[in-house]
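Have a look at the structure below, then the notes.
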Amino acid sequence: MSSSATAKESKAASAIRAAWQDDPDVARRYAIAERATRPFAAMMVQLARELAPPSLTHKEGDSVDVFDLGCGTGAVEAEVYGALGSGSGTDGVRILAGDVSAPMLSYLSARAADEGWAGVDVQTVDGTRLADAPALQGRAFDAVYVGFAIFMLPPAAPAQLAALLKPRGSLAVSSWAILPWFPLLAEAYARMHDGPPPPVQRDVWSAVTNGLPWHDKAFVRETLQQAGLEQVTVRQEKVSVDVGDADTVMGSMGFVLGILSQQWPEEKREAWLADAKRAFREVVVESERGEGEGMEWVFEGIVGVGVKPE
Ligand SMILES: C[S@@+](CC[C@H](N)C(=O)[O-])C[C@H]1O[C@@H](n2cnc3c(N)ncnc32)[C@H](O)[C@@H]1O
């Protein structure tokens, strides 16, 4: 890889991290995006349970140790507790919920207290520096989940996460197969006055990820296999999600546009970002079902699960 490609990637990686870390309001706005991620969290938990029963069920007196990396507002925690039901089924379940974003961690901490998820332990964990994470020292897990964050992590992350598993433990990841808002983005750019060139889906994907093809089912399968996992199972599914009205959509899309703006020339960035938000909102309003009625987007995601050999 050329040094300019490396420099571009690290700039993108730092823009992504900054976007999640620096906005104190990120968790409140992201809680709406959880409508799209939660069904895939449910698929990860179900598939992990089918392939590797220790992921959720434990012998009396034993603990079940779960690590959720890039936990966000707690989609995986909600599904793990949902699958266990209330009462003694949750005894012995310990979930290390790790993220780089302080606002996400404090949101999930409050949510866990409200919901009575007693086993959730919220900690700062940077997936780009797993080997140095104090919260992971000496730990081994029955299940590791990475919901819609694996594509922001370095290529070594899947193998490092597999190394954290107990024998017969499972690693589950999810990613997007398509970006449902891409056609709206293209339309918004077309409506801008002297704006950026038409977006290319591949470049947009690279800007919001580490550039690896996590949108490709075959890549997800190969990567989990190369991490030394067995019984690798990969599913691609569509879910239709009510994403709310234009203001709600812009809460999340303003954030995405902010990340994309890092690719634009510095002298144009501020003006283009303001105009892109205006144009995107205009396109969203036109595609709403009716005044303030909101809209449905079809999200297509990929879930991959593999099991560590005995
Ligand atoms: C798209 S959200 C997914 C949240 C949740 N897992 C879900 O499925 O709804 C991505 C999450 O990854 C976190 N994240 C981004 N880079 C990270 C990193 N290097 N290490 C740990 N978490 C990271 C973000 O702060 C954010 O909470």
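None of the figures in this text is laboratory data; all of them are computed from the coordinates on show. Since the structure is predicted, the reported quantities are computational estimates derived from the model, not experimental observations. Glycine gets a Cβ as well: all are built from the backbone with ideal geometry, and neighbour counts include every protein chain shown.
Taking amide H positions as placed in the peptide plane 1.01 Å from N, state which residues far from Leu165 in sequence (5 or more) or on other chains have amide H under 5 Å from it.
HN-HN under 5 Å from Leu165: Phe141.
Helix 3-22 against the longest principal axis of the chain: what's the angle in degrees, Cα atoms only, rounded to the nearest 10?
80 degrees
About the Cα centre of the chain, how large is the charge dipole given +1 on each Lys and Arg Cβ and -1 on each Asp and Glu Cβ? Please answer in debye to the nearest 20.
So the magnitude is around 720 debye.
For the chain, with the dipole built from +1 on Lys and Arg beta-carbon atoms and -1 on Asp and Glu ones, taken about the Cα centre, which of Pro198, Pro158, Ala271 lies farthest toward the positive end?
Result: Pro158, furthest along the dipole toward the positive end.
Among Lys238, Lys308, what is the fewest-to-most ranking by other Cβ atoms within 10 Å?
In increasing order of surrounding Cβ atoms, one gets Lys238, Lys308.
Would you mind ranking Trp264, Trp117 by Cβ crowding within 10 Å, fewest neighbours first?
By the 10 Å Cβ count, ascending: Trp264, Trp117.
Please list, in order along region 162-171, the HN-Hα scalar couplings obtained from phi with the Karplus expression 6.51 cos²θ - 1.76 cosθ + 1.60 (θ = phi - 60°), rounded to whole Hz, x for Gly and Pro.
With the stated coefficients, region 162-171 comes to 4, 5, 7, 7, 6, x, 6, x, 10, 10 Hz.
With viscosity set to 1.567 mPa s and temperature to 4 °C, compute the Stokes-Einstein D of region 207-251, Rh being the Kirkwood radius across alpha carbon pairs; µm²/s, no decimals.
96 µm²/s
Normalised by the number of residues in the chain, what is the relative contact order in percent for Cα pairs under 8 Å and 6+ residues apart? Numbers along the way, then the final one.
Working: 562 pairs, mean separation 70.0, N = 310.
After rounding, I find 23 percent.
Using alpha carbons only, how many degrees (0 to 90, rounded to 10) separate the axis of helix 246-260 from the longest principal axis of the chain?
90 degrees
For the chain, compute the number of Lys pairs whose alpha carbons are separated by less than 16 Å, excluding pairs fewer than 8 positions apart on the same chain.
4
Report the dimensions of region 192-310 along its three principal axes from the alpha-carbon atoms, largest first, rounded to Å.
57, 37, 19
Once the Cα atoms of helix 182-191 and of the chain are each reduced to a long axis, what angle between those two axes, in degrees from 0 to 90 to the nearest 10, is obtained?
20 degrees
Give the long-range amide H neighbours of Leu153: residues separated by 5 or more places, or on another chain, with amide H under 5 Å away, using H modelled in the peptide plane at 1.01 Å from N.
Amide H to amide H, under 5 Å and 5 or more residues apart or across chains, Leu153 pairs with Asn210.
Whole-Å semi-axes of the chain's equivalent ellipsoid, largest first, each the root of 5 times a Cα gyration tensor eigenvalue?
Output for the chain: semi-axes of 34, 22, 18 Å.
Fewest to most neighbouring Cβ within 10 Å: what's the order for Leu260, Leu179?
Leu179, Leu260
Mind ordering 145-152, 132-139 by average Cβ neighbours within 10 Å, highest first?
The most tightly packed comes first, giving 145-152, 132-139.
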